[in-house]
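**Q** Before I ask anything, let me first share the structure, which is written out below as structure tokens.
The values are calculated or read from the model by the stated rules, or taken from the named source; none is laboratory data. Small disclaimer: the values here were computed from a predicted structure and weren't measured. Cβ: placed from backbone, ideal geometry, glycine included. Neighbour counts: every protein chain shown. Remember, those area values only see protein heavy atoms, side chains included, never the ligands or the DNA or RNA. Shrake-Rupley method; radii C 1.70, N 1.55, O 1.52, S 1.80 Å.
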Amino acid sequence: MPRWGMVIDVKRCIACWGCAIACKEEHFLPPGVFFNRVLIGETGKFPTSSKIIYPILCNHCSDAACVEACPTGATYVREDGIVAVDDEKCVGCRACLVSCPYQQRTYYDQKVKDREYFPGQGKTEMELIGEKLYPFKVGTVIKCNFCSERLEDGMKKGLTPGKDEDASPACVNICPVNARIFGDLDDPDSEINRLIMEKKGKQLRKEFGTEPAVYYID
């Protein structure tokens with residue numbers, strides 16, 4: 001069984017927000033909801049200051065704080081390392097949302113569900129289709145799932161996640177500068193493991209001891 005992970009090369013990232021938009025399209029996310037974010041800041045002082053760009057998503061931690069905080073077992077780590085939410089068990093207490101070191105969870109309530117991309121004009125045909133194709137349950141927490149549906153459907157067809165687009169996360173496919181690399185962390189010969197070793201990939205907020213599956217090259 002593979003253990004999926006991702007490497008993000010922040011030197012390549014141009015803050016185009018393509019990953020965030022592709023993710024919204026893939027999961028039909030309502031206005032204001034992002035499973036992918038791009039944080040932009042600066043370091044140093046003029047005239048030698050530098051721009052810092054950090055794409056952020058669920059880090060699919062091996063020892064996830066959200067799993068420990070969940071009182072019902074709704075949040076759990078799958079065998080392939082993906083941190084998932086069972087909306088049948090989720091009671092909307094939001095303990096996971098508070099405990100996440102990366103602030104990458106959203107509480108999906110009726111107000112979020114009713115948001116329109118063109119306020120006052122009603123939901124577009126695409127928004128209505130999205131609610132049928134990718135329904136979210138009101139009163140639960142939603143988050144990035146590494147596009148697990150794409151991975152599973154692709155592998156059934158004999159495709160390889162991280163190599164074949166139809167079996168890879170939407171954010172990886174859309175990146176115009178190939179800043180995101182996806183693959184199996186348990187495969188010593190995988191590209192992401194090579195990059196982590198050769199370019200000294202680092203986990204974000206490693207001090208929390210959650211063992212993230214997302215590594216950054218900076």
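**Q** Determine the share of the chain's accessible area contributed by carbon and sulfur atoms, expressed in whole percent, with a 1.4 angstrom probe.
**A** Roughly 52 percent of what the probe reaches on the chain is carbon or sulfur.
**Q** When the chain is modelled as a GNM with alpha-carbon springs shorter than 10 Å, which of G92, G44, G158 fluctuates the most?
**A** Maximum fluctuation in the GNM of the chain, among the listed residues, is at G44.
**Q** While we're here: Take every Cα pair under 8 Å in the stretch 4-217 that's 6+ residues apart, average their separations, divide by the length, and report that relative contact order as a whole percent.
**A** Worked out over the stretch 4-217, it gives 29 percent.
**Q** Determine the alpha carbon to alpha carbon distance for each of K157/K199; K11/K206; K11/K143; K51/K202; K45/K199 and list only those over 24 Å.
**A** K157/K199; K11/K143; K45/K199
**Q** How many nm is it between the label spots at A69 and M126, if each spot is 7 Å from the Cα in line with the beta carbon?
**A** Between A69 and M126, the label points sit 3.3 nm apart.
**Q** Specify, per residue and in Å³, the volume enclosed by the convex hull of the alpha carbon atoms belonging to the chain.
**A** 147 Å³
**Q** Next question. So who's got an amide H within less than 5 Å of the one on V138, skipping anything under 5 residues away but keeping other chains? H placed 1.01 Å off N, in plane.
**A** Long-range HN contacts for V138: none found.
**Q** What Cys residues in the chain have no fellow cysteine's beta-carbon under 4.7 angstrom?
**A** Taking the Cβ cut-off of 4.7 Å, the unpaired cysteines of the chain are C13, C16, C23, C61, C70, C90, C93, C100, C147, C175.
**Q** Size of the dipole of the stretch 89-213 about the Cα centre, Lys and Arg at +1 and Asp and Glu at -1 on the beta carbon, nothing else charged, in debye to 20?
**A** Once rounded to the nearest 20, the dipole reads 580 debye.
**Q** Provide the per residue accessible area, probe 1.4 Å, for the stretch 4-217, rounded to a whole number of square angstrom.
**A** 54 Å²
**Q** Continuing with the same structure: What ³J(HN,Hα) values, in whole Hz, does the Karplus curve 6.51 cos²θ - 1.76 cosθ + 1.60 give for the stretch 150-162 when θ = phi - 60°, with x put for Gly and Pro?
**A** 5, 4, 5, 5, x, 5, 5, 8, x, 8, 10, x, x
**Q** Could you point to the residue in C19, I192, V172 farthest towards the positive end of the chain's charge dipole, with +1 and -1 charges on the Cβ of Lys/Arg and Asp/Glu respectively?
**A** C19
**Q** Please list, in chain and number order, the residues 5+ apart from T106 or on another chain whose amide H is under 5 Å from its amide H, with Hs placed from the backbone.
**A** So T106 has HN proximity to I142.
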